[in-house]
Amino acid sequence: MQPGRDEFEAQRLTRRGLLGAGAVAGAGLLLNACGGSGGASSTSSQGTSVTINALLQKQAGYSEDDIRGMTAAFQAANPKIKVKPTLVAYEALHDKIVAAAPAGTFDVVLIDVIWPAEFGSKHLLADITGRVNGLGVDQILPGALATANYNKRFYGVPWILDSKYLYYNDAMLKRAGIPASQLGTWDGVLAAAQKLKSKGIVKYPLIGSWSQAEAVVCDYAQLLGAYGGSFLDASGKPAFNRGGGVQALEFMRNGLKQGLYNPASTTALEEDVRKTFSQGDAAIALNWTYMDAMANDPKQSKVAGHVKVARTPKGPSGNGPGCNGSEALAISAGSQHQDAAWEYVKFLTGQRIQNRFSKSSLPIWKSSYDDPAVVKALPDVVPVAKEQLGDMILRPEVTNYNAASQQLQVEIQKALLGKKSSQQALDDAAKAFSSS
């Protein structure tokens, strides 16, 4: 999941409320639009009514109104299946899934991209590889498929698809005489930042979400990939403390030392980045999809109309992956209604439903990005997302991810603050992954 979503959800719900409300009122229209993406389960065909419980997230991608609209449409198409959604904050989601697993309290659960290794290895989720393969995986973006894959098995279907993009203020670039094409590489980004600073256009051209939180791991992941590094080697052992991993952290340290990155980066989350950029106090930044609409909204941004989106810059390796910030719908291993649960998962992740709600979260389906309605929903993002979402880097797939990530955050922070060298910090962080 993209960290920091809860901080801006209230604003985003306002933006999307009309869409969601319309979806609830127009459930009948959705049925016509989505025929074939759901369909009756074996439970329905046998005439037996069941109730399934779904554990979802309050602030991820789709709003509560969106989810109500989708669920109403599903129940109308599957009258023998009743769905009871429970929505919780992201911070409570992981532990609630774990606590409820033994009793099989929830049939469908929303999982973050960083959890399949833990949940799959502990058998908390049903292995639905056969069901997922039946959807036509060749029609789904490869980056999306990785969201719920562990040890070549599928433990869910990607539902909320996101990655970090490069945002830039085109007015500032024009004043400095910098072509947007220069931002295609990280070297070009640094050169642009230096020129923006030297011309006095903005004091700190760049800002990162480098607080001691999951946010800094996401930014580091993109740079790691750009510098040709990887979190783990082929045997599953830490590899980020050598080669490209060290170079990526040095890039971050040097940007701070040179005054190109705002010193507030070390305490900033994604919402802080969005606010700083929207105030005109930064020219270039990484952030999730949501920033596009908010930074271009004149009611909450001083730079509306000058915010442009590009895919993640490439590094010396020639790669420029985005960070996979996606989430998937999974079926609890303890569910007593797995067939009915699958019908709900299949319906919500179906292409027609996803296309209908694409303003809230972009679809997982390749051909959706050529659909005029989807392009119209997010015209600035879709052309870039069409490329970026097929090229994403995963954070390390380890069974103790939460604990290991926390240690990595601590060590990156020490390096950024000059308390340790990049090499020493990453060597120390790697120890947390040794037992994974």
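What follows is calculated from the coordinates using simple rules that are stated; it is not laboratory data. Computed from a predicted structure; not experimentally measured. Every residue, glycine as well, gets a Cβ built from its backbone with ideal geometry; the counts of neighbours run over all protein chains shown.
When the Kirkwood hydrodynamic radius is evaluated over all pairs of different C-alpha atoms of the stretch 369-425, what value in angstrom, to one decimal, is obtained?
Radius from the Kirkwood sum: 14.6 Å.
Take every DSSP beta bridge with both residues inside the chain and express the antiparallel ones as a percent of the total, to the nearest 5.
Numbers: 22 of 38 bridges.
Bridges in the chain are about 60 percent antiparallel.
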Find, to one decimal place in angstroms, the Kirkwood hydrodynamic radius of the chain, where the mean of 1/r is taken over every pair of different Cα atoms and then inverted.
22.2
So, relative contact order of the chain in percent, Cα under 8 Å, 6 or more apart, is 25
Over the stretch 149-211, what per residue volume does the convex hull of the Cα atoms give, in whole Å³?
151
Under the helix-only model (-39500 (n - 2.57) for each DSSP H run of 4 or more, divided by the residues of the chain), the mean residue ellipticity at 222 nm, to 500 deg cm²/dmol, is -12500 deg cm²/dmol
How many angstrom lie between the C-alpha centres of the stretch 114-181 and the stretch 236-284?
22
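What fraction of the Cα pairs in the stretch 76-115, stated in percent, has a spacing above 16 angstrom?
Tail fraction, whole percent: 44.
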Estimated dipole of the stretch 104-209 in Debye, rounded to 20 [Cβ of Lys and Arg +1, of Asp and Glu -1, Cα centre]:
680
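Hey, what's the Cα Rg ratio for the stretch 297-436 versus the globular rule of thumb, 2.2 N^0.38 Å?
1.40
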Amide H contacts of Ser332 (H built 1.01 Å from N, under 5 Å, at least 5 apart or other chain):
Val108, Val109, Ala126
Two-decimal log10 I(q)/I(0) for the stretch 277-322, as the Debye equation yields it once each C-alpha is a single scatterer, q = 0.17, 0.33 Å⁻¹
-0.52, -1.26
At the level of C-alpha centres, the distance separating the stretch 87-112 and the stretch 298-344, in angstrom, is 20
So what are the three principal axis dimensions of the stretch 196-327 from its Cα atoms, in whole Å, longest to shortest?
51, 37, 28
Of Gly130, Asn151, Leu93, whose Cα points farthest to the positive end of the dipole of the stretch 67-163 (charges on the beta-carbon: +1 Lys, Arg; -1 Asp, Glu; origin at the Cα centre)?
Gly130
